[in-house]
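What follows is calculated from the coordinates using simple rules that are stated; it is not laboratory data. Only a predicted model underlies this, so the values are computations on that prediction, with no experimental measurement involved. Note that each Cβ is placed from the backbone with ideal geometry, even for glycine, and that neighbours are counted across all protein chains shown.
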Amino acid sequence: MAVYDLEEQEQISELKAWWAQYGKFVTALAVAAALASVGWQGWRWYQGKQAAEAGALYHAVQQAAEQGDTQKAREATGQLIAGYGGTAYAQLGALLSASVQFERGDLDNARAHLQWASAEGRDPALRDVARLRLATVLLQQGKHDEALAELAPAPATPFAARFADLRGDVLAAAGKPAEARAAYQAALDAIGNGTDGGATLREVVRVKLEALEG
């Protein structure tokens, strides 16, 4: 029994010595792990809350769009951008609200939302969609140089034909038929290469090109 007690005392002494040397480090690791776990859970909760609130506002934009209420669409989109600008809902809301403003002839507000979506939105594909629509608004406003500036940076491949087609429209409106023909041909080439589908688009571009050549 004495031998057992002696061995036990040695083990306790070794444990005390080890704890004296490493105890603070182990405690710090345990606390850090606990805080990280709590922090992660908190972050997930925060993200879920943000997504739910942004989704509710986007739903409000959708309802306003269905009702043709441009003011409510603008207000809800403004809240989305101000509070949840980093979410996809904000970008989608800006695009949807811009469509409502455009349909009602409010080009200035449509332009404002599209400028935000094209410059600040997180999703690259939606940024290209916003640039395309923004250029359309600028064309309607007679701002040809600004429209061409929006179309200048190369879009993702699936949008290449539509960008080229709209570039042709802007150049034709600006009284530059030769450059417009080149743009329309580029659109046809893009469709032919499979970068943008649609027999309808091909036919529309072909008619525009023939009209310029005639």
Candidates per trypsin sites (Lys or Arg not before Pro) in the stretch 41-140, loop by DSSP, up to 15 other Cβ within 10 Å: Arg104, Arg122
3J(HN,Hα) from dihedral phi, the stretch 85-93, Karplus parametrisation 6.51/-1.76/1.60, rounded to Hz, x for glycine, proline: x, x, 9, 5, 4, 5, 5, 5, x
From the phi angles alone, apply the Karplus equation (6.51, -1.76, 1.60; θ = phi - 60°) to the stretch 130-141 and give each ³J(HN,Hα) in whole Hz, x where the residue is Gly or Pro. 5, 4, 4, 5, 5, 4, 5, 4, 5, 5, 4, 7
